[in-house]
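Below is one structure, written out as structure tokens; comments come after it.
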């Protein structure tokens with residue numbers, strides 16, 4: 001059984017050809033943060049400096065983002081941001097799925113590198129968010145380190161924020177690189193192996 005991957009296009013910085021991590025993008029001077037939730041959700045609180053273009057109107061309001069070089073989309077759980085990203089890509093506009101508003105807010109304040117270590121023997125974890133509805137876990141792997149085979153009881157989204165990992169599921173091996181995302185299916189065993197020297201991915205799932 002094959003599982004689809006949504007590959008986020010890498011946006012090149014004006015002054016360098018090196019891909020930035022998600023945290024670097026969010027904190028860059030040229031970032032355009034776009035909250036794609038409803039106006040009511042946006043009014044309840046959003047990331048600092050974010051504008052509101054709800055998913056429902058993105059297909060007509062996408063022109064607001066023409067010419068922007070560093071667009072980060074987010075919503076409540078990441079699904080609406082992924083749909084908005086697809087709409088923008090259909091108009092040749094690159095964007096990155098920053099997942100949830102809490103995750104973007106957190107990355108505006110905290111550098112995950114200070115919370116994690118890169119062991120070649122075992123994963124390092126940090127709870128980015130552990131709320132009533134959503135749990136987000138950042139996981140770091142050194143080269144060859146393995147997050148052993150396990151399952152999730154609810155749908156989950158994985159996004160690589162640094163490095164590269166091998167994702168093994170149902171006898172299939174998938175290479176996920178920086179800013180690639182993967183929708184993890186329920187109740188199917190999978191494991192993750194670090195490829196680079198320093199690798200970080202974030203798993204977001206509901207409760």
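Each value in this text was obtained by applying a stated rule to the coordinates, not by laboratory testing. Everything numeric here is computed off the predicted structure, so don't read it as measured data. Positions of Cβ are generated from backbone atoms using ideal geometry, with glycine treated the same way; all protein chains shown enter the neighbour counts.
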Global form of the range 112-206, assessed from the alpha-carbon gyration tensor, a/c cut-off 1.5: oblate
If the chain between residue 175 and residue 143 were fully extended at 0.36 nm per residue, the gain over the current Cα-Cα distance would be 10.1 nm
Please identify which residues in the range 52-89 have an amide N closer than 14 Å to a label point set 7 Å out from the Cα of residue 108, following the Cα→Cβ vector. 52, 72-75
Okay, helix-only estimate at 222 nm for the chain: each DSSP H run of n ≥ 4 adds -39500 (n - 2.57), divide by all residues, round to 500 deg cm²/dmol; what do you get? -5000 deg cm²/dmol
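Assuming a ≥ b ≥ c are the square roots of the Cα gyration tensor eigenvalues, decide whether the range 10-109 counts as rounded (a/c under 1.5), prolate (otherwise, with a/b larger than b/c) or oblate.
Cα axes put the range 10-109 in the oblate bin.
Which of the peptides 173-186, 155-168 is most tightly packed, and how do the rest follow, judged by the mean count of other Cβ atoms within 10 Å per residue? Display every interim value, and only then the final one.
Details: 173-186: 17.5, 155-168: 21.2.
Result, highest mean first: 155-168, 173-186.
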Kirkwood Rh and Cα Rg combined as Rg/Rh, the chain: 0.95
Which whole-number percent is the relative contact order of the range 143-207 (Cα, under 8 Å, 6+ apart)? 49 percent
Counting only C-alpha contacts under 8 Å and six or more residues apart, can you give the relative contact order of the range 95-175 as a whole percent? 20 percent
Over the range 10-109, what is the mean sequence separation of C-alpha contacts under 8 Å (at least six apart), divided by residue count, expressed as relative contact order in percent? 30 percent
